[in-house]
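Working notes, beginning with the structure itself.
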Amino acid sequence: MDPRGTFLFRDAEYDPYLEAMDSSFQAIVCVGMHARAASAGFMAHTVTLEPVYTVNGKRITESALIALSAARFGIPVIMIAGDDVLRDQIREELPGAEYAVVKRARTRAFADTLPQAEVQVAIERAAKAAIEKLGTFTPYSVAPSYRFEISFQNVTQTDLASIVPGSTRLDSLTLGYTTVTFPEGYRRSTRMLGLMRLERMRWMSRAVQDRTDAAVIRRKFMDLLVTNWLEPEKLPKPRQPSTPAGKRRYWGDT
């Protein structure tokens, strides 16, 4: 890493899509990005695994999401790195941005990686080209309002997400709502995703079911469930995760 660069570590978790930027930035470069959800890109997703985000009538990538968030500060996204599928999507979303291809998607699950030295050169070349024409970039405009439509993989996910008030069911898999600002709409979507993730627990159940000690785990689960119901004061205290010595720091929400 260039010695002039720094990592944005903080004392508490923060959302990098909203809280990593401020008006002190001249431009944003996005490295390690993925194609938009439900497209043919390698590990294609937007924000998390399941949802498809449509904002003001356009399906967006995470790169466009960052550009939408940065608009309130007048910051342009000037360069992106990712696979060849995302490259074609960026040509639509951010046509002036420079791009570095770092892998070629075969399917959503497989990709051909390029040699590291070639990738490093491609990223450096794209970043240099973007900086050299920095004055030509225009940030996204701040819209009068933001119409979010979020589609999920199945009805159960959509049912769970719909618990968050303020949205309208557009079809069996899609919820829609309108907000005045982008951050307001994005934050509502993250609350939806928090509930939607409960649907993933069926895969935890499947994983337990396939274990040789599945019966023991199910019995432990029932014991905890009944104790919480009848004698919650007797619940065992959760085991505290071990943390390295020293002060814990965060680079985003991880």
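The numbers here are math on the coordinates, done by the rules we state, and not lab data. Not measured: the values here are computed from a predicted model. In this analysis, Cβ positions are derived from the backbone assuming ideal geometry, glycine residues included, and neighbour counts consider all displayed protein chains.
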* Using Cα positions and a limit of under 16 Å, work out the aspartates and glutamates in reach of K133, with same-chain residues fewer than 8 apart set aside. => E98, E124
* Structure fact -> For V102, V164, V226, ascending order of other Cβ atoms within 10 Å (fewest first) is V226, V164, V102
* **Summed residue charge, Cβ within 13 Å of E98's Cβ, Lys/Arg positive, Asp/Glu negative** => +3
* Asked: Under a point spin-label approximation (7 Å from Cα along Cα-to-Cβ), what is the R248-F9 distance to one decimal in nm?
  -> 1.5 nm
* When the helix-only estimate is applied to the chain (DSSP H runs of n ≥ 4, each -39,500 (n - 2.57), divided by the residue count), what is the mean residue ellipticity at 222 nm, nearest 500 deg cm²/dmol? -> -10500 deg cm²/dmol
* Which distance in Å, rounded to a whole number, links the C-alpha centroids of the range 9-25 and the range 144-186? -> 24 Å
* Asked: Pick from G135, G166, G176: which residue has the top mean-square fluctuation in a GNM of the chain where Cα pairs under 10 Å get a spring?
  -> G135
* Give, as a single signed number, the net charge of other residues whose beta carbon lies under 15 Å from the beta carbon of E184, with Lys and Arg counted +1 and Asp and Glu -1. => +3
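What net charge is computed for the residues neighbouring Y53, neighbours being all others with C-beta under 10 Å from the C-beta of Y53, Lys and Arg scored +1, Asp and Glu -1?
Numbers: positive: R36, K58, R59; negative: E62, E149.
Cβ neighbours under 10 Å give a net charge of +1.
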* To do: Could you work out which residue, out of T181, T212, T48, moves most in a Gaussian network model of the chain, that is, has the largest mean-square fluctuation with Cα springs under 10 Å?
  => T212
* Asked: Pairing the Cα long axis of helix 84-93 with the longest principal axis of the chain, what angle in degrees results, from 0 to 90 and rounded to the nearest 10?
  -> 70 degrees
* Note the listed values [x] 60, 34, 34; [y] 52, 42, 37; [z] 67, 45, 38, then indicate which one is Cα extents along the principal axes in Å calculated from this particular structure. => [z]
* Quick one: of the DSSP bridges fully inside the range 25-100, what percent are antiparallel, nearest 5? -> 35 percent
* Considering only DSSP beta bridges where both residues belong to the chain, give the percentage that are antiparallel (nearest 5). => 70 percent
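What full-extension length gain, to one decimal in nm, is calculated for R239 and E118 as 0.36 nm per residue of separation minus the Cα-Cα distance? Please report the intermediate quantities before stating the final value.
Working: separation 121, 0.36 × 121 = 43.56 nm, distance 4.58 nm.
Net length gain for the segment: 39.0 nm.
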* Order of S172, S162, S69 under a 10 Å beta carbon neighbour criterion, fewest first -> S172, S162, S69
* Placing +1 at every Lys and Arg Cβ and -1 at every Asp and Glu Cβ, with all other atoms neutral, what dipole size does the range 144-232 have around its Cα centre, in debye to the nearest 20? -> 140 debye
